[in-house]
Structure formats: C-alpha cells, structure tokens
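Q: Here it is: the structure, laid out below.
The values are calculated or read from the model by the stated rules, or taken from the named source; none is laboratory data. Here the structure is a predicted model, which is why all the values come from computation and not from measurement. Every residue, glycine as well, gets a Cβ built from its backbone with ideal geometry; the counts of neighbours run over all protein chains shown.
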Amino acid sequence: MKKKTKQRWVLFAFLSPWLILFSIFGLYPILFSFVVSFTKYSGLNPNMEFVGFENYIKAFQDEVFLIALKNTMIFVVGTIPFTTGIALVIGILLNNRRLKGKDFFKSAFFLPSVISMVVISMIWIYMYSSNGLFNTLGSLLGFKMEDRSWLASTKTALPAIMFMDVWAAFGYYVILIFAGLQSIPEQLYEAARIDGAGPFRIATKITLPLLKPTLFFVIAINTIRSFQVFSEIYTMTGGGPRNSTQTIVHYLYEVSFRKFEMGYGSAIAYILLMIIMVITLIQKRVLRKEV
Amino acid sequence: MVVLLLVCLFPLLLTVLTSVIPEGDLFHIITGKTLLDFETNPMFLRTKMKTIGNKTYELLKNEKSESENTYLEIKNETPDELTGIGIFLGDKNFQLIKSFTCDMKISGGITELFIGIKDIDEQIKILPLEGDLIKADWGKQQIVIPLDRYEGVDLKHVSQLQILFSSPEVGDGICLDNIGVNYKFPTLMNFVNVWEENDFARYMFNSGVISIFTVLGNLILSTMVAYALARKQFRGKEFIFGLILATMMIPPQITIIPIFMMMEKLNWINTFYALIIPTLVTPFGIFLMRQYIEQLPVEIDQAAYVDGANDFQIFFRIILPLSGPGLAVLGINSFITSWNSLYYPLVMTNSKDMRTVQVGLAMFSKLNQVEWPKLMAASTLAGLPVIIIFLIFQKQIISGLVDGAVKS
C-alpha cells in the first residue's frame, strides 16, 4: 500500500509540469474566455457585466467582422488549392528515382518555412513596393505599372498577401507529401508498369488514391493554419487599406488589445473556434467516406 | 527543378543583396548623390548651408560650361581666419561614406584646406586636409576624410560638413560646385546601424533568452511528462494523452485574452516570466518524446529498477541520455517556434526594452517604410539564427516535422 502511494506521487511528479501549466495556461483560459465572451469586459474597467449573447449577435451585425470573415474565407479558399497543388507537383517531381540530390532540393524548398512570417512579410513588402521587384519587372516587360505599392490598393492587397502565403507555405507541405509518396511501395509501380500503364495512368490510378490520406491531412492542417492568418496581415497592411485585408484573427487582435473590448474579443475567438471545428469535422467526414 | 528552386529562393537572395546597399533599393542602387549644386535660389540655399567666417558669398555663372551652371565663391575677410561653408546634412552616418567630391577652384595664396565635422550634439572638430589638393583652375576633387582622426565626434550622426580655408591675404577665396557624396558599396553598415541604433541588439538578446529557456524547459519538462505517458500504467492515461493532442488543435487566440489578464494582475506584462513560462511544456514536445521513449527498450529501465534506482534516477541517468536524437529534434523545433513567434510576445509586451526580434522588426518596418537597405538588414538579422540552425540541422528539423505531423 505504501509503495502504491509512493508510486502515485512519483507519477504525479512526472505529470505535474503539464498538469500545472495546462491548468493555468490551457484549461482555465479556455473556460474563462468562454465566460468572458458573455460579458461586457474591457481591460480598463475591471467590472464584468453579463450581457448574454450580445457579443455574438454584435459580431454578425458588425460590418468589419463580416468583412474579416469574408476575407479569411477568400484567403483560405484562394490559397489552399495552390499551396497543395504546387506542393503535390514538386513532391511528385522529387519522388523521381533518377533525381539526384533529393535531400538538397527538399531542404531548399523547405527553407522559407522555417523563416518567420514577419521576416517573409518584410521581404515581400519590399518586393511589392512601388519601386520593388514586381513593378520593375512589369515595366521592363512593357506593362504600365501603377506607381504605388501592391499593398496600397484595396484591389491588389489581399491577392498579394495570398500569393506570398503560397510561396511561404508550400515547402512545408512538399515535405509531408514527399513522405507520403515514399510510403507507397515500389512494387505497385513496377506491377503497373509491367501491365503497360503509362505515367498518367500510374499517377491517377496509383499515386493519387494512395496519397489521399496525406493530401487530406495536408489540407486539414493548412485550413486550420490559414484561418489563423495574422502575422503577415499585421506586418504588411495592418488590415488595411480600408479593411480590405482584415482577417478574423487580426480583427480579434485589434478588438481585444487595441480597443480592449475583451468580451467581444473572446466571442470572436469562440466563433473562430466554432468555424475551425465545423470545418475539421466536415473534412473528417469526407476523409472517412473517401478512404 | 533547379529553375523552380531558384525562383523559389530568389526573394531570400534579394533580401541579403539589398542589405549591403548604402541607399535606395536593388533596382535603384544609390552609390552617390549630389548634396549641393548651387542651382537653387539663395533663399532656398540658406536651408542647405551656411557660411563660416564671412557672411557674404556670391553665386556666379560659369561661362565656360554650356548649360546653366551656377557656382559659389567665398572670400575671406579677416587674415588667417577659417572661412568657408558648412553644409547641413541633417543626421548622416559618415561610416557609410567613401568620399566626397566637388568641383573646386582656388585663388590667391591658399595653401591648405580644412574639413570640419559637426555631430548632432554640436561637437565639432576641424582638421587640415592632407594631400595635394590645391589647384588654381577648376578641377574635380575627391575628398577622402580620414575618419579615425576625428575622434570625439559622433561620426554616425553628423549634422554638418564644413569645407574651410585660411589665408594671410584678405580677398583670397575658393569656388565650389557640385558637392557630392560617394557611398561605400557593398557595405555592412546597415547591419551595424540596426544592431546599435535601432535596438536590434536588445531584441535579439530578448529573443535569445526566451528561446533558450523555452528549449531547456521543453527538453526536461515535456520529456518528463512524456516519460510518464510512455512508461507508466495508470487510469486515464489515454484520456490525458488525447487531451494533450486535442490542445494542439485549439487556436491560441482562445486562451490569450485570459492569459493576458492574468499576466496583468501578476504585473508580469513586459517580463521574461510572461514570455517564457507558458511555453515551457508543449503538446508537440510531449507527443514527440513519448513516441521516442516508447521505442527505447524497456529492459534498460527495468534492469536499473532492479538495481535499486528510482524513477528520477532512471529518468535523468538513463532516459534523458538515451533520448539524444529525439531531444535534438524537439530542441531545434522549439527554438524555431519560439524565435519566430509574433502573436504572443506582441500581446505580452508593450515596452521597447522587452520586445522580441519579431515584434521589433514588425514595429521597425512601420517606422521606416522606405529605407529598404536597413529594413532588409534587420530582416536578415532576424532570420539568420534560424537559417543557420536550419542549415546545420536540416535532417532533424525535417524528421521532426514528419514525425509530428504524419504520425498523428
């Protein structure tokens, strides 16, 4: 009996770092922000006033939030096919047995993914600037370029950030897709070749079906990541011009830590969580059906 | 493939190349420019220069040149007194400058020229210019200033450059035109500038401290939890593990408001505590290390247990040393995550002293939108530690990514 108690203490000691930190910085904040989302609370005035669903209702009447929601959707839908598609093509090219220096290529494509989004944003602010790479190249090719940054126009700012995001993110997925491709047994390809299947048939009948779990996984984590787009918006445009690049998380930051409307901010955070959960569930359903 | 790769990495190359440019941007490199060509009217000229030793000067037309060309002539009024002009530079970094150029004509018995440098704190030093520069007729002069002799003057913040002469005879003078400056190219001064003048030394230090403690915390604490989950049998184990995995999916935006409120109550905003403690144990670390420890043979710790070792001894003497490769993956990944994070340190700091390098860079960019060389130097600095670590440990980083992602 004594030994068992001791064992329990030892177990508790080993788990305690997680137990303590998770309760303080995980569980408690998750529950507390749920409570806060039903109150009118500002960081400046410590009195919480219970307001029911007002914050949630407010969100869907708040023009800026709706714009942010729309922009985030555009961002997610507009980047993921390209990120995944490019990663898939490069992954398949890398999987070619005759290609030498695979590790080198893998690392090189991956390199942008280890660099912080702030640094990447800085590089692209520079390239998008009025005298930057894109305008210079455009003028050289004979296009009439507008003499301003691509990020300064409501029409081009969001697509410009999306284009950058595809560049910054695809290398990460190349690695995942490549790992998925490597797990497809070589014998399958050989058997197909013996049966006289061409490269196109091999790709559609063997590679893609067997890669499906990896692809769904890639799309799932990419969706979650893209819904939380913040750093590039904060660094490049601050949500502007005229909210044309406002996204949910950036708006949440502005509401909570610029205006200090923490109740409303918590409600937005929970709406975001809901959206992510619903989309993850839908993706899981689809995944289960297809595989 | 190679072409693809070059297109893909081109932006990074662009950044590094731009960071060694003195001014302008990569497509418009400014290696020199004209400071004063005296083609403006006297009223406007007063905002650009002043005279020294003599209040009056004349703007004359150069008859020889075909285009409209005005130059300045200044003569001395008092024997042996320094006379000349001071050119306002605002706040210029002389370390960036290779040389000055000007067109010059000298009359009378002037034997020596003097160059004065005045910094923004009004410290001034005037020294005779070495070398044989004196010409009676118009000639282009390259003036290389021996900066190391101007000690006591803050050469990074020069507000005025003075070109002076003295002569025993009243009425001697110099004529000046097209005063310009040549920059050093390529230069590393942009790096020095952001490091020293724009607090990047402090930012890098903060990020370094935070990252190192986060890495150490994860290596020990996450691995401890992972050890319990890998080796101990207890009720609710799978539930805890499932919970840990589930927390990986929760967006940090949910928790940050209460954490911010908590830190504010504790007065921990702008402290290392707020930036380090919440990241000491991560779900990713627990998950990764559990996988690693599970594939270590159980017989080793059983043998140690029979020999009378307790769990802590087993953990610190056997499991930790044997987990080297797993710890490497975890350490490197924690470092990169911690170094690159923006959202959390942005919320938890508001003083300049406590900014991390990512926050500092984001703020810096808002203030210096057009100084591309400086911005790119700052970006290179902020990205460099991670890139170096990546180049050394690519294998571990990529395997950590595949383990962490695919197997879950």
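Q: Would you mind telling me which numbered condition in (1) surrounded by 15 or more Cβ atoms within 10 Å (Cβ to Cβ); (2) at pLDDT 85 or above; (3) more than 12 Å from every other protein chain (Cβ to nearest Cβ) A:Y173 fails?
A: With respect to (1) surrounded by 15 or more Cβ atoms within 10 Å (Cβ to Cβ); (2) at pLDDT 85 or above; (3) more than 12 Å from every other protein chain (Cβ to nearest Cβ), A:Y173 is out only on (3).
Q: Of B:Q160, B:Q141, which residue is surrounded by 15 or more Cβ atoms within 10 Å (Cβ to Cβ), outside any loop (DSSP other than H, G, I, E, B) and modelled with pLDDT under 80?
A: B:Q141
Q: With respect to A:I30, determine if the residue is at the interface with chain B (Cβ under 7 Å from one of its Cβ atoms) and more than 16 Å from A:E261 (Cβ to Cβ). Explain how you work it out, then say what you get.
A: On the way: at the interface with chain B (Cβ under 7 Å from one of its Cβ atoms): yes; more than 16 Å from A:E261 (Cβ to Cβ): yes.
It is true that A:I30 is at the interface with chain B (Cβ under 7 Å from one of its Cβ atoms) and more than 16 Å from A:E261 (Cβ to Cβ).
Q: While we're looking at this one, here's another question. Consider A:I161 carefully, then state whether it is touching a residue at least 24 places away in the same chain (Cβ under 8 Å) and outside any helix (DSSP H, G or I).
A: no
This table checks each residue for (1) more than 8 Å from chain A (Cβ to nearest Cβ); (2) touching a residue at least 40 places away in the same chain (Cβ under 8 Å).
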{"site": "B:N333", "(1), (2)": "yes, yes"}
{"site": "B:N340", "(1), (2)": "no, yes"}
{"site": "B:Y343", "(1), (2)": "no, yes"}
{"site": "B:L346", "(1), (2)": "no, no"}
{"site": "B:T356", "(1), (2)": "yes, yes"}
{"site": "B:P385", "(1), (2)": "yes, yes"}
{"site": "B:F393", "(1), (2)": "yes, yes"}
{"site": "B:Q396", "(1), (2)": "yes, yes"}
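Q: Out of the range B:374-404, which residues are surrounded by 21 or more Cβ atoms within 10 Å (Cβ to Cβ) and not hydrophobic (A, V, I, L, M, F, W, C)?
A: B:K374, B:S379, B:T380, B:G383, B:G400
Q: If you don't mind, there's one more thing I want to ask. State all residues of the range A:113-125 that are within 7 Å of another protein chain (Cβ to nearest Cβ) and not hydrophobic (A, V, I, L, M, F, W, C); if no residue qualifies, say none.
A: A:S116
Q: Does any residue of the range B:36-59 turn out to be within 14 Å of another protein chain (Cβ to nearest Cβ), closer than 21 Å to B:C102 by Cα and within 43 Å of the chain's Cα centre (by Cα)?
A: no
Q: Now for a separate question. Mind checking whether some residue in the range A:121-135 is β-branched (V, I, T), within 17 Å of the chain's Cα centre (by Cα), surrounded by 20 or more Cβ atoms within 10 Å (Cβ to Cβ) and at negative phi?
A: No, the conditions are met nowhere in the range A:121-135.
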